[in-house]
1. Could you tell me whether any residue of the stretch 253-266 is surrounded by 19 or more Cβ atoms within 10 Å (Cβ to Cβ), assigned to a loop (DSSP other than H, G, I, E, B) and touching a Pro at 6+ places or on another chain (Cβ under 8 Å)?
2. Where residues in the stretch 347-361 are among the hydrophobic types (A, V, I, L, M, F, W, C) and either assigned to a helix (DSSP H, G or I) or in contact (Cβ under 8 Å) with a residue 60 or more places away in the chain (or both), which of them is nearest to S419 (Cα to Cα)?
3. Give L76, L30, L35 a once-over and let me know the one that is crowded, with 17+ Cβ neighbours inside 10 Å and assigned to a loop (DSSP other than H, G, I, E, B).
4. Confirm whether A288 is over 28 Å from L365 (Cα atoms) and within 26 Å of the chain's Cα centre (by Cα).
5. Has the stretch 60-73 got at least one residue that is in a loop (DSSP other than H, G, I, E, B), crowded, with 24+ Cβ neighbours inside 10 Å and small (G, A, S)?
6. Of all residues in the stretch 311-346, which are out of contact with any strand residue (DSSP E or B) (no Cβ under 9 Å at 6 or more places or on another chain), of a type outside the set (D, E, K, R) and not in a helix (DSSP H, G or I)?
7. Kindly indicate whether R185 is modelled with pLDDT of 95 or more, in contact with a helix residue (DSSP H, G or I) (Cβ under 9 Å, 6 or more places away or on another chain), surrounded by fewer than 24 Cβ atoms within 10 Å (Cβ to Cβ) and of a type in the set (D, E, K, R).
8. Look through the stretch 89-122, keep the residues that are in contact with a strand residue (DSSP E or B) (Cβ under 7 Å, 6 or more places away or on another chain) and farther than 24 Å from T145 by Cβ, and return whichever of them is surrounded by the most Cβ atoms within 10 Å (Cβ to Cβ).
Amino acid sequence: MSGTQGELASLTLAEAARRVKAREVSPVELVDASLERIAAVNDRLAAFIRVLDPEARQVAKAAEMMVMAGHDLGPLHGVPIGLKDNVAVRGFPTTAGSRILADWVPEQDATVARRLRQAGAVFVGKLNMHEFAWGGTSDNPHYGTVRNPWNTERFPAGSSGGSGAAVAARACYGAIGTDTGGSIRLPSALNGIVGIRPTYGRVSNHGIIPLAWSMDTAGPMTRTVEDCALMFGAIAGHDPKDAGTARVSVPDYSAGLGLGIKGLRVGIIPGYFFHHLQPAVLEAVKAALDTMVACGAQLVEVDIEHIHGNISAQLTIEAAEPSTYHQRWLRERPDDYGADVRSLLEIGELLLATHYLQAQRYRSLLRNQFMDAFQRVDLFVCPTLPFTATRIGEMKVIIQDGVEEDMLSAIMQFTGVPSLTGLPSLNIPCGFDPDGLPIGMQLIGRPFDESTLFRAGAAYQAATDFHLREPDL
């Protein structure tokens, strides 16, 4: 068994898993490489709230013994994985990035964590996040401000900012994030990695601290589409402990990765998807579409009549539902919240039932319009967000014509569409701006058709190298 620690840390998840299975690399070596990388970068990135050392080393030794004895736990056997700290892991504090849950130690795993264990994953740490997942910056007042590994003066987005930073920095081979309004896709885009928001109901939320029940999902964040498909297959599927999960069979998500996209119909909405963007983002996404056409895809222009109302509806639902969950703590322990999250929770209590119900009616309308459009297209492509990473602490962004605007409203311009409609969406790295900051594009698919997103993403990555570049830390 061979390979320097740096070389091992730079392996993709799929390659690491293959090498373990072939007995070319041991789980102990992979975990050592991951923990060494965490020690080297975490002081600068604040990506991890808790590093699970020595526990990860003990699990890795057991995984190594099983390999040598000819036992294979599954597709992630011996591979180091990080978990966002709102995902319960038995025996370890799960804080959701908060002071309120600082001492909560779950007695059982979240279903996602249990399924990853069953697939052979080794947990190396709990990842930093925006407090209670209610925010888009990952500027956490309790556990430190997460920084973007491509430029540590820039933010990594959120709320799964620690997950995005850790994967991009090669501190783990994959991570679990959660996504309500964009919290997997946004940090995936700004950290230059792949991340999927599953179809609502495709992955169990059991054991995950909620933000907004009717939009919450969990999904993998990885370096490549192949990695994402491999990890996604391990966690997807119905869960009796979560009534919201669908009884839909789970396909082999890796099976179609090499099929290409010849003849695939790619939907674009010119009046919305290519409006109000920084020039570098517009150029990168248009170039990505040109690449897809060169690979055989067909572009189809589509009009979604009521798409422009999505940000307002998303903000209404994403404000009302968290305030319901936090109502008691907000009254009994208001000073234990960070100022930004406390303000958002207080605002949520001011919304009227009519506001909430109108937003829910809009969701149904928008979903129906997208389902009609899927008769003409196989997936949609758009930017993941309209700008690249801003400086830490800046709450304004300039997108067009030198005009400053609220960053947190602008950040959800495109991610809100799948969040509201419950559709799956995949972020793919598609370029860099003049400052060397990553740009992402979003692929949106039919319900429970993540396979087509992985197929299209894999074809794009086979034709480009953006996903192969690493931040210089």
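The values are calculated or read from the model by the stated rules, or taken from the named source; none is laboratory data. Remember, it's a predicted structure, so these values are computed and weren't measured experimentally. Methodologically, a virtual Cβ is constructed for each residue, glycine included, from the backbone with ideal geometry; neighbour enumeration extends over all protein chains shown.
1. no
2. Residues of the stretch 347-361 that are among the hydrophobic types (A, V, I, L, M, F, W, C), as a first pass: 347, 350-353, 357, 359.
Retained after the next criterion (residues that are either assigned to a helix (DSSP H, G or I) or in contact (Cβ under 8 Å) with a residue 60 or more places away in the chain (or both)): 347, 353, 357, 359.
Numbers: I347: 21, A353: 20, L357: 16, A359: 13 Å.
Among residues in the stretch 347-361 that are among the hydrophobic types (A, V, I, L, M, F, W, C) and either assigned to a helix (DSSP H, G or I) or in contact (Cβ under 8 Å) with a residue 60 or more places away in the chain (or both), the one nearest to S419 (Cα to Cα) is A359.
3. On the way: L30 fails: assigned to a loop (DSSP other than H, G, I, E, B); L35 fails: assigned to a loop (DSSP other than H, G, I, E, B).
Unique residue meeting the criteria: L76.
4. Details: over 28 Å from L365 (Cα atoms): yes; within 26 Å of the chain's Cα centre (by Cα): yes.
For A288, the condition - over 28 Å from L365 (Cα atoms) and within 26 Å of the chain's Cα centre (by Cα) - is met.
5. In the first step, residues of the stretch 60-73 are kept if they are in a loop (DSSP other than H, G, I, E, B); the result is 69-73.
Within this subset, residues satisfying the condition of being crowded, with 24+ Cβ neighbours inside 10 Å are none.
Checked the stretch 60-73: no residue is in a loop (DSSP other than H, G, I, E, B), crowded, with 24+ Cβ neighbours inside 10 Å and small (G, A, S).
6. To start, the set of residues in the stretch 311-346 that are out of contact with any strand residue (DSSP E or B) (no Cβ under 9 Å at 6 or more places or on another chain) comprises 311-337, 339, 341-346.
Filter again for of a type outside the set (D, E, K, R), leaving 311-317, 319-320, 322-327, 329-330, 334, 337, 339, 341, 343-345.
Hits for the stretch 311-346 are H326, Y337.
7. Values: modelled with pLDDT of 95 or more: yes; in contact with a helix residue (DSSP H, G or I) (Cβ under 9 Å, 6 or more places away or on another chain): yes; surrounded by fewer than 24 Cβ atoms within 10 Å (Cβ to Cβ): no; of a type in the set (D, E, K, R): yes.
For R185, the condition - modelled with pLDDT of 95 or more, in contact with a helix residue (DSSP H, G or I) (Cβ under 9 Å, 6 or more places away or on another chain), surrounded by fewer than 24 Cβ atoms within 10 Å (Cβ to Cβ) and of a type in the set (D, E, K, R) - is not met.
8. My answer is A121.
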